[in-house]
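Step one of this worksheet: look at the structure below.
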Amino acid sequence: MVRDGYIYGLSLIGVAIVLAWATGHWAWAIPALLLAAFFLWFFRDPKRSIPTGPGLIVSPGDGLVTETVSISTPDGPRRRISIFLSVFDVHVNRSPISGVLTEVRYKKGQYMNAMNPASAEGNEQNVVTVRGEDMEVTFKQIAGLIARRIVFCPREGDLLERGQRVGMIKFGSRVDVIFPAEAEFRVKAGQRVKGGESILAAMPAPEPTGVSGLVGGATAIPGSAMGGR
């Protein structure tokens, strides 16, 4: 569980005890206990099985894939996957690839519904870029209608592992993942994904280097083996 869950949950349990003691009736403590249970559940942080293999891009968060598109950027064509996190999803965020954290850029903004495509640019967000595994991947932690706090722990220059916990967005929110255009989609809109575990996309496997001819680069001539015929 994320530390915040203990803070909110135990505090509300304390409030419930005080209310029950002050009023002499446990019924007054029920709302506080229900809120405590919600926060303990909301800030859960389950273990995940991180996939292995070259060129894999995993989901930075749990949620519903709302969009898989090709986009144009100042750096050329890219692909983007958008994921909506409801209040019922795990809100811990993870690194989509292994590599060096090259940029962390916070941007103030609005608090539109995270299902609205305009929220990708207009809402408060934290833009994170990781470079490694022969590619560069950017993911955005985007605040939603309810969310008011984005948490991100690593710093620029840190080395991240694929699926490593990096922060969270409290309550409803959205994450966008932007990656090279040559990567192949592994999910589609309407599919649910798990942070650190679900593969969103994969870079194409490099073509094997062919070896032609004999050792030293000589070319074999059909029918002319050593010693002739």
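Read-outs throughout are calculated quantities, based only on the coordinates presented, and are distinct from any laboratory measurement. Values in this document were obtained by computation on a predicted structure and should not be read as measured data.
Amide H to amide H distances under 5 Å link Phe43 with no residue, where only residues 5 or more positions off or on other chains count and H is placed in the peptide plane. Close amide H pairs (under 5 Å, H built 1.01 Å from N) link Asp158 with Leu101, residues at least 5 positions away or on another chain. Backbone geometry of segment 93-100 corresponds, through the Karplus equation with coefficients 6.51, -1.76 and 1.60 at θ = phi - 60°, to 3J(HN,Hα) couplings of 9, 10, 6, x, 9, 8, x, 8 Hz, x marking Gly and Pro.
The lysines within cross-link reach of Lys107, meaning a Cα-to-Cα straight distance under 21 Å and a gap of 8 or more places when in the same chain, are Lys140, Lys170.
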